[in-house]
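Here is the structure we will look at.
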Amino acid sequence: MTLDRIELRGLRARGRHGCLPAERELGQEFVVDAVLGLDTRPAAAGDDLSRTVDYGTLAGRLVAVIEGEPVNLLETLADRLAKKCLEDGAVSEVEITVHKPNAPVPHPFTDIAVKIRRSRP
């Protein structure tokens, strides 16, 4: 079965993630894209929010992770965000992209991001 998608793109929140002391002290903005794979037919058939993902609630949960306990790596942050998405029983798989637009890189760049995919076992 092909899964439907719910996409939450460009979610912004301030976090203190990174390996450098200044990143932990000052914090910076992170931008997250979450693409959820699920079957939306039950929700559509009954026009019932309880049978799909409430993306407003999900956004709040993801922001809490970004603003929460600092980690060194974007990979770790992305994994935590993916796990939070998979806590919703309707979600079968998720793709998370974490963008770090103000990464401390001494050269011009457009974007630095980590993208991961996770699914239920």
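The values are calculated or read from the model by the stated rules, or taken from the named source; none is laboratory data. Since this is a predicted model, take the numbers as computed values, not measurements. All Cβ positions, even for glycine, are placed from backbone atoms using ideal geometry, and neighbour counts span all protein chains on display. SASA here: full protein model, heavy atoms, side chains in, ligands and nucleic acids out. Shrake-Rupley method; radii C 1.70, N 1.55, O 1.52, S 1.80 Å.
Details
- Assigned charges on the beta-carbon of Lys, Arg, Asp, Glu; the stretch 4-119 dipole about Cα centre (debye): 220 debye
- Between the labelled values [x] 0.94; [y] 1.14; [z] 0.99, the entry that holds Cα Rg over 2.2 N^0.38 Å as derived from this structure is [y].
- Note on the chain: dipole from Cβ charges, positive end direction compared against 50, 8, 105; the farthest Cα belongs to 105.
- For the stretch 4-119, the carbon plus sulfur part of the accessible surface works out to 50%, probe radius 1.4 Å.
- Label-zone membership for the stretch 92-119, site residue 40, 7 angstrom Cα→C-beta point, backbone N under 16 Å: 92-95
- Compared with the alpha-carbon gap, the fully stretched path from residue 73 to residue 26 is longer by 15.3 nm at 0.36 nm per residue.
- Accessible surface, the chain, averaged per residue in Å² (probe 1.4 Å): 59 Å²
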